[in-house]
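Presented below is the structure to which this report refers.
The values are calculated or read from the model by the stated rules, or taken from the named source; none is laboratory data. Just so it is clear, the structure is predicted and the values come from calculations on it, not from any experiment. Positions of Cβ are generated from backbone atoms using ideal geometry, with glycine treated the same way; all protein chains shown enter the neighbour counts. For accessibility, only protein heavy atoms count, side chains too; no ligands or nucleic acids. Shrake-Rupley method; radii C 1.70, N 1.55, O 1.52, S 1.80 Å.
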Amino acid sequence: MISANVDDLTAVVRYALETTRATTVCPFHDEVIVRVGDDAAESHAYERAKRILRSDGTAFEADALREEIGHQLAAAADGRCPKCDRTDPNR
């Protein structure tokens, strides 16, 4: 079951993305979220988040879920951790 705050949209979406393996946390840099790039997992994350009810028994608005999923996926590193990537010019 979800250990995140079910009233926090950001936490619910993060939980859904991680548990469907649409995103993952870099094992060496826990502040880096990596987008796996699996469309099916991302769709599954939306479906999972849609079914999580807030503490008052209501669901989040579908548009709010889609927007937050889009925001989190856009903020995630694409495919690999930039801190681990040897081709990163900032290293």
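Just so you know, in region 48-61 the residues that are open to solvent by less than 50 Å² (accessible area, probe 1.4 Å) and of a type in the set (A, V, I, L, M, F, W, C) include one that is nearest to Ala16 (Cα to Cα), and it is Ala49.
Give Ala45, Ala64 a once-over and let me know the one that is of a type outside the set (Lys, Arg), closer than 14 Å to Val13 by Cα, open to solvent by less than 30 Å² (accessible area, probe 1.4 Å) and assigned to a helix (DSSP H, G or I). Spell out the reasoning first.
Values: Ala64 fails: open to solvent by less than 30 Å² (accessible area, probe 1.4 Å).
Going through Ala45, Ala64 in turn, the sole match is Ala45.
Pairs are defined by a Cβ separation below 8 Å, a sequence spacing of at least 6 or placement on different chains, a first member in region 53-80 that is without any contact (Cβ under 8 Å) to a residue 24 or more places away in the chain, and a second member that is open to solvent by less than 70 Å² (accessible area, probe 1.4 Å) and part of a helix (DSSP H, G or I); the pairs so defined are Arg66/Tyr46.
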